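What follows draws every value from the coordinates through simple rules; no lab data is involved. Just so it is clear, the structure is predicted and the values come from calculations on it, not from any experiment. Note: ideal-geometry Cβ built from the backbone for every residue, glycine included; neighbour counts use all protein chains shown.
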Amino acid sequence: MQMTSKTPLRSRLSSRSGATWLAVLAAGVAAILVFAAINSARNSDTAGTASSTVLVANQLIPKGSSGQALAKQHLFRVAKVNEQALVAGAVTDISQLGDKVATQDIYPGQQISANTFSAANGLLSAKLAANDRAVSVPLDAAHGLIGEINPGDHVDVLAGFNVQSTNGTRPVMRVLATNVSVLKVDKPSGAGTGGNADVTLRVSSDMAPKLAFAADNGKVWVVLRPAAGAKDPSGSVVSVNSLLSGVKPVQGNG
């Protein structure tokens, strides 16, 4: 029988050149596996470092903004960052800022750091939300409960005016605002209980000009509310007519 000119695959692999070719192929496969293992380890390490969560500004946070304002207005979002990208003092929970205020502007996308906040130290802006305004009203002892009210108390604000009408001038009193927070009570130096004082109140942005107008053109009263369970007054305007409405006339003798 005549031998074929082509060498079978088995005989080729059993030859010296075939063995060399197999060795090269095995080395190549091993190199691929090692490279894949290294990449997998790197990816695993990267995934592990990306698990740190921090608070990031989602809009401009102006200097002087309080931690309370950040929480109420949702000026931040939670983000995951690589540990190598963490800034010093990175905030992970909004409660870390407490009653602190920002000492510089914080820009959108910037990590919020405790290092850019400091203690409020009585700063009024730290106690104001977006729609809040602080208004100082000069009051005397009787109208302002001077010596009785303190920062943190809640009051109702009344405003009295002398209103001109066709029948002449008549006094009118109305409830201007309810459940108003007292921020500050400034008494003149050396003054004891009573006397005049500037009482700073936290009101809405709409109420601020109304309160300022009442203080300049009428008479303002503050009425202390109970610490718990307070109910708002039912009527808003009081006049001689409303005050005497339903009162039976006195019957004369004879």
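Listing for the model above:
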{"quantity": "Interchain or long-range residues, amide H under 5 Å from residue 112's placed H", "calculated": "55, 56, 57, 91"}
{"quantity": "Charge dipole magnitude, Cβ of K and R +1, D and E -1 - region 52-125, Cα centre, debye nearest 20", "calculated": "120"}
{"quantity": "Percentage relative contact order, region 52-125, counting C-alpha pairs under 8 Å, at least six apart", "calculated": "44"}
{"quantity": "Only Lys, Arg (+1) and Asp, Glu (-1) charged, at Cβ; region 63-170 dipole about Cα centre in debye", "calculated": "360"}
{"quantity": "Ratio Rg/Rh, restricted to region 76-136 and using Cα atoms, in which Rh is the Kirkwood radius", "calculated": "1.03"}
